[in-house]
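Remarks on the structure that follows.
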Amino acid sequence: DAVETQEHFKSRWRSIWIMYLTMFLSSVGFSIVIMSVWPYLQKIDPTADASFLGWIIASYSIGQMVASPLFGLWSNYRPRREPLVISTAISVAANCLYAYVHVPHSHNKYYMLTARALVGFGAGNVAVVRSYIAGATSLTERTSAMANTSACQAVGFILGPVFQTCFTLIGEEGVTWKFLCLQLNMYTAPVLFGALLGVINIILIFAIFREHRVDDMGRQYKSINSDGEGSDVLDQNTEGSIDHVAVVALNVLFFVILFVFAVFETIATPLTMDMYSWTRKEAVFYNGIILSVIGIESVIVFMVVKTLSKKTGERAILHAGLLIVLIGFFILLPWGKKLPNIQWQEIKNNSIPRTAPTEMLMPFWSLQEMQLPSNHTAEPVGCPVTQSWCLNTPMIYLAQYLSSDVLIGLGYPVCNVMSYTLYSKVLGPKPQGVYMGWLTASGSGARILGPVFVSQIYTHLGPRWAFSLICGVVVASLLLLEIVYKRLIAFSVRYGRMQE
């Protein structure tokens, strides 16, 4: 029997490609300002500290965690175009709000917090994307489609800062349009670019996206999303229960994967400003270049890992990816003896903590370096002395930082792709909307706790404690993977309908 017509096949895959684009743009909306949030926050609201930065980064994921189950439920009973368009429109409006957070005379940091939370709320549509792709692909197509979805999301997370890097050429001042009360600079241009991409996405959803549903064999059958009537015609391949132990384990592993990458992206700017005395602009620019290189690395990883998984299986590659991430954070631990430069402005203001004699904590040459001319007006750089660990924690050498970037940039996309692929296989042909919503919520929870965790631990205890705890979390995830290793198999394999 003919599985589907050529016209249906082309329409189905055009719609899937629109979902890939939507997933990519949702990720870009998160990462396009990651490198510049901290310096922009310092500029518009001097009352904000590094701890508040964690809440601003986390607000995106709080919004996404709240919205993803709602949009997922909406998409179960109504045409998916509705939640997709509404959610994208919310993100567009929120990006525009972010571009104006400098306008109010006070409480600017709370306006930024609100804008990022609304961007995250709009990004709750990723649950809709995943459930659509799962239902619009046959069993043989699903692994590749889910891997492509993961790739689009991971590339969006990694390449977002690339756009930010390009916009640093505009500078901190940029251009001001008084009649619009708009400052177009290196901080606002990325979000306005994100809003433009959102508008394009909405147009493409209306113009190209169509509802499609196929069974495991690729045969088209009716979906309630397409016309609001009828019900899905399920076949015998849906019989059997889902292994919920495997589902929960994969949610936990996905949480860890997103957690460590959220820590990695959040800490990059403050860490390099503290360790290498980079200015705000330098930190945004250089970290953007670094992540651009990682983005290229990740694209290569995606191409290799899809081929490699056919020979070794997804579970073994997921295990290897977690090991690589562990090594990356282990390398990032402070190992040397040289202390970071101390921010001169804090010394000038006599705000050195008196918890211990500074002469005992710091070498003489470091004290000499801090004696700057009283008329020095440049932007203060270095490790703020208010972070007491700066006085006794060795600096992280640039070679350590770059090596860690390469390893984490290799391990993260591997883990991301394999966890999505295994998750979709374990769920099988049954409707996956609710489960995909929980997976999205799991990732959102990780992006909430990751930035808050690292900003608090890093600010008060320093990088040694922060990265040691991360290593402990990754080790625990490796143990969990070992425990459930044999259960992470496809639904059809579990019930003997096909061989692994």
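The values are calculated or read from the model by the stated rules, or taken from the named source; none is laboratory data. Note that the structure is predicted; figures quoted are calculated from it, not measured. Cβ atoms come from the backbone with ideal geometry, glycine included; neighbour counts cover every protein chain shown. To get the accessible areas, we keep the full protein, side chains included, count just its heavy atoms, and leave off ligands, DNA and RNA. Shrake-Rupley method; radii C 1.70, N 1.55, O 1.52, S 1.80 Å.
P161 sits among other residues whose Cβ lies under 13 Å from its own Cβ, and their net charge, with Lys and Arg +1 and Asp and Glu -1, is -2. Each distinct pair of alpha carbons in the chain adds a 1/r term; the inverse of their mean, the Kirkwood radius, is 23.7 Å. Take the alpha carbon gyration tensor of the range 243-309, find the square roots of its eigenvalues, order them as a ≥ b ≥ c, and report rounded if a/c is under 1.5; if not, report prolate when a/b exceeds b/c, else oblate. Oblate, because a/c is 1.5 or more while a/b does not exceed b/c. Starting from the 7 Å offset along Cα-to-Cβ, what nm value, one decimal, do you get for the label separation of R487 and F179? Result: 6.4 nm between the two label points. Accessible surface for the chain, divided over its residues, is 42 Å² per residue with a 1.4 Å probe. Each of H460, S492, L318 was scored by the projection of its Cα onto the charge dipole of the chain, and the greatest displacement toward the positive side belongs to S492; charges sit on the C-beta of Lys, Arg, Asp and Glu. For the residue pairs K311/K486; K281/K338; K10/K425; K43/K337, the C-alpha atoms sit more than 27 angstrom apart in K43/K337.
Computing FRET efficiency as 1/(1 + (r/R0)^6) for I289 and A316, where r is the C-beta to C-beta distance and R0 is 35 Å, gives about 0.60. Carbon-plus-sulfur fraction of the accessible area of the chain, 1.4 Å probe, in percent? Using a 1.4 Å probe with all protein chains present, the chain comes out at 66 percent carbon and sulfur. With a/c under 1.5 counting as rounded, go ahead and sort the range 1-222 into rounded, prolate or oblate using the C-alpha gyration tensor (a ≥ b ≥ c being the square roots of the eigenvalues; past the cut-off, prolate if a/b is larger than b/c, else oblate). Because a/c hits 1.5 or more and a/b exceeds b/c, the range 1-222 counts as prolate. Report summary: the helix-based calculation at 222 nm, which adds -39500 (n - 2.57) for every DSSP H run with n ≥ 4 and divides by the residues of the chain, gives -23500 deg cm²/dmol. The angle separating the long axis of helix 108-122 from the principal Cα axis of greatest extent in the chain is about 20 degrees. Farthest toward the dipole's positive end in the chain, which of G171, F329, L73, given Cβ charges of +1 (Lys, Arg) and -1 (Asp, Glu) about the Cα centre? Most positive-ward Cα: L73. Remark on the chain: C96, C152, C166, C181, C415, C471 stand apart, with no other cysteine beta carbon under 4.7 Å. Taking all protein chains together, C181, C96 sort by accessible area into C181, C96, largest first [probe 1.4 Å].
A simple spin-label model places the labels of R210 and V245 4.4 nm from each other, with each point 7 Å out along Cα-to-Cβ. The slack between R14 and A399, meaning 0.36 nm per residue of separation minus the straight C-alpha distance, is 134.2 nm. Highest mean packing first, where packing is the average number of other Cβ atoms within 10 Å per residue, the peptides 69-77, 441-449 line up as 441-449, 69-77.
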